[in-house]
Amino acid sequence: MDDKEALRVGAAVRRRRRTLGLTLAAVATRSGLSVPFLSQIENERARPSARSLDRVADALETTTARLRAAADSARAVELVRAGGGDGARRVVRGRHQLSALEFTGEMDLGREFQHRNDEVMYVVEGAAEVEAEGQAYRLERGDTLFLSGGVRHRWRATMPETRLLVVAVAEHVDATNDPRR
């Protein structure tokens, strides 16, 4: 593991620990590593050995591969240029905690969706109709609709120039166990 990757693993470790609602002391007990060392890992002041990272991963009920994959999305700065034409395009690429798609044109995907994590729909231009939990919503330019994880919904753009931005907590992130909910 190079220096750059080791530093990013600290942020991934912190995110995973917080997702599980664990304290540093609990992770220390589970892993056999000290609280100060774990704090240094999370704050990017220490680089864990492969063995220490294995112990941390076990304590966080995950694998080192998943921690490294989560680390890949840490501190990313990525530019996505505007695209033309009708359809869908990813506004955020890769495996990040945030997923964002832009839908352009008069679109009806013709199916119902249910995501495990929260989602926000924002109408940039045009209009859309959304059915969620048996209720219909008409969204127009500038309107935002929040859908918590698990809400069944379907939507369709109702005007040719519609641009709809859908931003969600990515499916590969388990945000449903958030202790703050």
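Points worth noting:
- Listed conditions (1) open to solvent by 30 Å² or more (accessible area, probe 1.4 Å); (2) modelled with pLDDT under 95; (3) among the aromatic types (F, W, Y) are all met by W155, apart from (1).
- Subset tally (residues that are under 20 Å from V169 (Cβ atoms) and in contact with an Asp or Glu (Cβ under 8 Å, 6 or more places away or on another chain)) for segment 22-61: 0
- Positions within segment 26-49 being assigned to a loop (DSSP other than H, G, I, E, B) and touching a helix residue (DSSP H, G or I) at 6+ places or on another chain (Cβ under 9 Å), in sequence order: G32, L33, S34, N43, E44, R45, A46, R47, P48
- Filtered residues of segment 98-137 (kept if surrounded by 18 or more Cβ atoms within 10 Å (Cβ to Cβ) and of a type in the set (D, E)): E102, D118, E119
- Picking from residues in segment 48-97 that are aliphatic (A, V, I, L, M) and at pLDDT 90 or above, the one that is nearest to L33 (Cα to Cα) is V56.
- Lone qualifier among E161, E78 - being over 30 Å from V13 (Cβ atoms) and acidic (D, E): E161
The values are calculated or read from the model by the stated rules, or taken from the named source; none is laboratory data. Just so it is clear, the model here is predicted, and its values are computed rather than measured. Glycine gets a Cβ as well: all are built from the backbone with ideal geometry, and neighbour counts include every protein chain shown. Note: accessible area is taken over every heavy atom of the protein model, side chains too, but ligands, DNA and RNA are not part of it. Shrake-Rupley method; radii C 1.70, N 1.55, O 1.52, S 1.80 Å.
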